[in-house]
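Here the structure comes first, spelled out in structure tokens, and everything after it is commentary.
The values are calculated or read from the model by the stated rules, or taken from the named source; none is laboratory data. Because the structure is a prediction, the values reported are computed rather than measured. Every residue, glycine as well, gets a Cβ built from its backbone with ideal geometry; the counts of neighbours run over all protein chains shown. Surface accessibility is based on the protein's heavy atoms, side chains included, excluding ligands, DNA and RNA. Shrake-Rupley method; radii C 1.70, N 1.55, O 1.52, S 1.80 Å.
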Amino acid sequence: MGYFDKAKLLVDEARIFRASPLGRGPYLGLGILFFAIKVGVDMVVAGAFNEPYSILYYVSPLDAPLFHPGERLPFWLAFWAVALPFIAVGVWLTLRRLLDARLHGWLVVLFFFPFANLIFFLALAAVPSRPADSAPATGYRKPLPPPHGRGTALLMGAAAGAVVALGMVGTSVGIFGLYGASLFLGAPTISAFTATMVFARLHSSQAGGTLAATFLALALIFVSMLAFAIEGALCLLMAAPLAAAAALLGWGLALVFAYMLESSAWPTTPATMVLLPLWVIAEVVFPLPAASDRIVESTLEIAAPPEVVWNRVLAFEELPPPTELLFRLGVAAPTGATIEGEGVGALRRCRFTTGEFEEPITAWVPGRELAFDVRCQPDPMREMSPWPDLHPPHLDGYFATTHGQFLLERLPGDRTLLRGRTWYRLDIFPRTYWSWWADSFVHTVHVRVMRQIKCLAERDHKAAG
């Protein structure tokens with residue numbers, strides 16, 4: 001079936017339901033009007049149940065009460081009750097707008113993606129109207145003018161790809177608290193596949209245009225996650241190489257489908273979206289094996305004997321403000337340490353910019369070894385975000401320090417080789433990729449602490465000499 005036949009089928013289906021095309025202006029205006037009404041209704045409902053209210057309910061999977069009933073079941077049911085009529089109106093308006101723009105009706109499924117349908121609404125409001133007889137009566141990939149302009153194809157492709165991925169983020173992170181393969185590999189791959197297929201079907205399967213739609217979708221995803229209080233800037237930067245590689249895979253697969261399947265490629269796009277929720281469900285039912293501890297070791301030579309260095313390993317003065325780039329970007333920086341008691345069972349407290357580590361001593365050999373477990377730890381970082389109190393789930397236990405150790409080795413000439421070791425556990429996939437970042441963070445913390453120990457110990461040794 002050619003594009004013109006599909007457009008005609010859409011028109012015929014719409015006539016059955018007595019739908020009429022809806023232009024950009026009325027669609028945008030009615031959408032804003034109904035959204036404002038819904039905000040007012042939700043505020044009234046929240047006030048009636050004495051519950052807090054936030055505009056982030058509509059865009060952040062971490063805040064939306066619709067997907068977090070918790071112990072507030074009556075409030076949750078009331079919220080859903082007032083949402084359903086607005087959902088029905090939104091679907092009806094969206095179908096009419098798709099008809100006006102001569103876009104395929106299955107795109108209405110993007111309206112149902114949680115937390116991300118705002119992007120689809122804005123993109124659809126920007127697409128120009130298109131008369132029914134303006135679509136060329138030719139098949140796909142013929143050397144005639146494309147069904148839609150490049151701008152429309154780019155906008156809808158990027159919006160569709162972004163909505164799919166953000167819906168996945170909302171489901172995986174916001175609802176299930178999962179940072180697994182479906183999030184970091186599946187979401188960008190299927191997002192790129194969707195963006196490429198939509199662009200190819202509306203305009204052409206040229207590599208340049210489809211690649212632009214793919215990476216515009218990726219940019220929309222990252223900007224939305226930052227703006228909607230889902231994630232911070234540093235974590236997004238760390239995830240960017242992984243997401244870009246997965247997006248390139250999805251883009252390449254989509255081009256193969258676009259060239260090989262032609263007319264049957266269009267329904268392939270919504271079919272691939274089903275893979276994401278199935279992938280999440282599979283990860284919930286069959287979780288990955290528990291992560292084993294990983295060790296990071298750093299060394300530093302100090303011009304002081306071990307018995308002098310030992311005292312500064314136990315406790316050290318307040319450190320100057322951090323200047324390292326990682327710490328300035330929000331990674332927790334050590335600021336000082338104290339010790340309560342002596343020997344095994346003593347409690348070491350290491351202060352960081354985000355809070356305090358509680359470290360009960362497990363090995364105490366003066367001048368040779370100090371080892372401790374980690375009983376309590378603060379957040380590993382403060383997120384860089386327009387939202388000051390942003391606290392994504394991955395800050396709670398997905399990176400956990402379990403054990404620490406200092407080893408002191410005597411060197412000739414009253415010198416000491418100081419070894420710092422940290423054991424940690426990481427529960428984010430793929431662990432190999434994220435361990436590279438975690439290792440560098442832990443090493444940077446080691447270096448900052450050990451340089452302070454070196455400075456103080458060498459000063460003490462010089463003063464004693």
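Among what's in segment 51-65 and is in contact with a Phe, Trp or Tyr (Cβ under 7 Å, 6 or more places away or on another chain) and farther than 20 Å from ILE221 by Cβ, pick the residue that is surrounded by the most Cβ atoms within 10 Å (Cβ to Cβ). Filtering segment 51-65 for residues that are in contact with a Phe, Trp or Tyr (Cβ under 7 Å, 6 or more places away or on another chain) and farther than 20 Å from ILE221 by Cβ, the one surrounded by the most Cβ atoms within 10 Å (Cβ to Cβ) comes out as PRO65.
Tell me, which strands (runs of 3 or more DSSP E) wholly within segment 278-392 include 3 or more residues that are more than 25 Å from LEU226 (Cα to Cα) and among the acidic types (Asp, Glu)?
Details: elements: 294-302, 334-340, 347-352, 355-365, 369-373.
Ranges flagged: 355-365.
For segment 37-50, taking the residues that are more than 15 Å from PRO85 (Cβ to Cβ) and assigned to a helix (DSSP H, G or I), the one that is most open to solvent (accessible area, probe 1.4 Å) is identified as MET43.
Note on segment 400-411: residues that are of a type outside the set (A, V, I, L, M) and either modelled with pLDDT under 95 or open to solvent by less than 40 Å² (accessible area, probe 1.4 Å) (or both) total 5. Per the conditions (1) open to solvent by less than 20 Å² (accessible area, probe 1.4 Å); (2) under 30 Å from MET238 (Cα atoms), the sole criterion not satisfied by LEU418 is (2). The set of residues in segment 202-230 that are surrounded by fewer than 22 Cβ atoms within 10 Å (Cβ to Cβ) and in a loop (DSSP other than H, G, I, E, B) comprises SER204, SER205, GLN206.
Scanning segment 346-364 for residues that are in contact with a Phe, Trp or Tyr (Cβ under 9 Å, 6 or more places away or on another chain), open to solvent by 40 Å² or more (accessible area, probe 1.4 Å) and not polar (S, T, N, Q) turns up ARG349, ARG351.
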